[in-house]
Every structure is written in C-alpha cells, then in structure tokens.
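Structure first, commentary second.
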Amino acid sequence: MEVFKSESIITFFDRFKTDMDCLEYLSEKKWSLGFSCAKCKHNKCTIRKKNLARDCNKCHHIESPTAGTLFHKVKFGLRKSFGIVFEMSATTKSISANQMSKRYEIRYITAWLFMQKVRDAMKSSESQPMKGEVIVDEFVFGGKEDLKQGRSSDSRKKKIVAAVEKDIQGIKRVYFKVIKDYSCESLREIFDTHISKDANINTDQWTGYKPLQKEYKITQTKSDKGNTFFEMNTIVHQVKAWLRSTFSNLDKHHIQAYLNEFSYRINRSIHKQTIFDNLISRMILAKPLTYKDIKISN
Ligand SMILES: [Zn+2]
C-alpha cells in the first residue's frame, strides 16, 4: 500500500474521492500484517468485494475494516471522517467543531463527538519520555486573567503543568497535564509519565518541585520572562491563543483532550507529510469509544 504523504488538501481529496477509497486505505492498513480471525485466530479469509469485510474461512466470523477502530459506527461516511482526521493533523491549528460541522455538512454534536475520538487517538503513548533539556512550569487557563502566567488559587481557572523538551532548533516536544493543585503529588504526574530520570530539568523555585529532586535531575532557577523559560513562555502563549480562538465555549472538562491535540501536532511537526497516515494507524489501534465514554472519561 502506498502511504499517503502530503499536507495539501487538494492532493488529499484527489486521493480520497469516495468512501470506498477510504475503506480500501483502512482495510489495507488494518490487515497490513495479514489476517487473523478475531474469533478463532484462523489466518485465511475471503474478502467481500462490496464492503471489504473479511469472512473467516474457518468459522465464518465477519469483520469489517472499521470494526474495533475509532471509525466504528461513524454514520456520516468515511470520506468526511478522513477529511476531519486530515484537517486535525496536517493543518497547523485545526478548527472548531462548529466550523467542521459546516464544512462537512454534519451536525455540530456529530462533529464534536468524532473530533473527541480523534483526540483520543492523539493522546501520548507515554512510551518516549523526554530526554536532554526539559523545562517544567505551570500556568492557568480561563477566568479573567488568563494572560497571567504562574500559579493561581482561583478555582474557576484550570491549572495546567507543561513540560517542554528543547533541542538546537528550539522546541522539540511538549506535554501538558491538567492538575487539581500545585502539590508535589499532582506535579509529579507529568514527570512520571513524560520525563526521563536522566533529563536535565529546569523549574522555577516553587517548593512543590523540591521533593522530586530525589528522583529527578532538577535545577530550580528564579522564573524570568526572557532566557531560561523562553521556550516555555512561547508554548504557553501559543496554546492559550489557540484555545481561546478555536473553542468559543471551551468545556473545561475536556481541556485535557484539547491539550493532547495541541501536543500531538507540535510533537510531529517534523513529520508533517506522514502525520495523517500516523493518525489513521492510531485510529485503527485505539479502542472504540461511545458518546457515553467520552462524557465520562474526560
Ligand atoms: Zn474464525
């Protein structure tokens, strides 16, 4: 199968002209390592021409290309759903569910739900901890003073801790975690999930980071707006601007999902040509989600 490589929406819709083009892409990707029956593990099947479903030659269990993926039961057609996946990955900023619903002529809630599924596929596998130079800092979002950086005890604001991995070009990767408070216990979540014990970490002088020095190489320096935290300040500024401009009615229960989306694009910005293909693979591997799951889990 030829992997789709492009950032152009024209090239994209030339390649995926029909729902069938998308179904073929999905089925070739899903069974790229060969067929194995979900029921009996038999490895020979007959492919149904109409919908590319695999019919197991032994037990006759039938599996569609969308079964067990995040495309399962998508009612508005694969071509539209592929289009949304493309726009959420290959473009720089993605767009709101409201704009997406108009663009693809689907209901707002349908667009929003599907976009939450895509965000679920975008979340980190947590298998590649940050190494080298890392900056960790907290910020708040929402409420009146959302331009302010640093800790706030205002309960209406979302507290977020961010980790930025630097390289010679500037920002290599970034992760965010919504936290309930600034305690050491809450702050350590981002360390344990995203940062290697070998990384050289810079934080400000907040006492919440002190106990973590036993396990991590943390240097605490006075927070300044310019030098040490430059990359962090840049990212915080960008993510806040994006959240404010894209989500007019930002539902604070889902902010982690939006932050995951932002990280996913930043962290793959050097692989923009294949980012759509990567996201399709993730959509196939992820467990199907229902509307109820999404409401509860975020
Ligand atoms: Zn079987």
- Keeping to the range 12-32, report how many residues are open to solvent by 50 Å² or more (accessible area, probe 1.4 Å), within 10 Å of ARG79 (Cα to Cα) and within 24 Å of the chain's Cα centre (by Cα). 1
- Query: Tell me, which residue of the range 268-280 that is closer than 15 Å to ILE84 by Cα and not aliphatic (A, V, I, L, M) is most open to solvent (accessible area, probe 1.4 Å)?
  - Reply: ASN278
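Among the listed residues GLU105, GLU87, GLU28, identify the single one that is on the phi > 0 side of the Ramachandran plot, among the acidic types (Asp, Glu) and away from the ligand (no atom under 16 Å from the Cβ). Reasoning before the result, please.
On the way: GLU87 fails: on the phi > 0 side of the Ramachandran plot; GLU28 fails: on the phi > 0 side of the Ramachandran plot.
It is GLU105.
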- Report, ordered by the first and then the second residue, all pairs with beta carbons closer than 6 Å, sequence separation of six or more or different chains, a first member in the range 154-182 that is farther than 21 Å from LYS197 by Cα and assigned to a strand (DSSP E or B), and a second member that is of a type in the set (A, V, I, L, M, F, W, C) and open to solvent by 30 Å² or more (accessible area, probe 1.4 Å). LYS158/VAL178; ILE160/VAL178
- Task: Among the residues of the range 22-70, write down those that are touching a Cys at 6+ places or on another chain (Cβ under 7 Å) and polar (S, T, N, Q).
- Result: ASN57
- Query: Hey, among PHE82, PHE76, which residue is touching a helix residue (DSSP H, G or I) at 6+ places or on another chain (Cβ under 9 Å), away from the ligand (no atom under 14 Å from the Cβ), within 29 Å of GLU7 (Cα to Cα) and open to solvent by 30 Å² or more (accessible area, probe 1.4 Å)?
  - Reply: PHE76
- Message: For the range 48-66: of the residues being in contact (Cβ under 8 Å) with a residue 12 or more places away in the chain and away from the ligand (no atom under 11 Å from the Cβ), which is farthest from the chain's Cα centre (by Cα)?
- Response: ARG48
- Message: Of the conditions (1) aliphatic (A, V, I, L, M); (2) within 16 Å of the ligand (Cβ to nearest atom); (3) closer than 23 Å to ALA111 by Cβ, ILE9 satisfies every one except a single condition; which number is it?
- Response: (2)
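Those residues that are in contact with a strand residue (DSSP E or B) (Cβ under 6 Å, 6 or more places away or on another chain) and either at pLDDT below 80 or under 20 Å from ARG244 (Cβ atoms) (or both), I need them from the range 152-163; list them, please.
Narrowing the range 152-163 to residues in contact with a strand residue (DSSP E or B) (Cβ under 6 Å, 6 or more places away or on another chain): 152, 157-163.
Result: SER152, LYS157, LYS158, LYS159, ILE160, VAL161, ALA162.
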- Query: How many of the residues in the range 39-56 are in a loop (DSSP other than H, G, I, E, B), in contact with a strand residue (DSSP E or B) (Cβ under 9 Å, 6 or more places away or on another chain) and surrounded by 14 or more Cβ atoms within 10 Å (Cβ to Cβ)?
  - Reply: 2
- Evaluate the range 18-37: report whether one residue or more is at pLDDT below 95 and among the β-branched types (Val, Ile, Thr). no
- Message: On the basis of being assigned to a helix (DSSP H, G or I), surrounded by fewer than 18 Cβ atoms within 10 Å (Cβ to Cβ) and basic (Lys, Arg), does LYS102 make the cut?
- Response: yes
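The values are calculated or read from the model by the stated rules, or taken from the named source; none is laboratory data. Source: prediction; values computed, not measured. Every residue, glycine as well, gets a Cβ built from its backbone with ideal geometry; the counts of neighbours run over all protein chains shown. When the accessible area is computed, the model is the full protein with side chains, heavy atoms only, and any ligands, DNA or RNA have been set aside. Shrake-Rupley method; radii C 1.70, N 1.55, O 1.52, S 1.80 Å.
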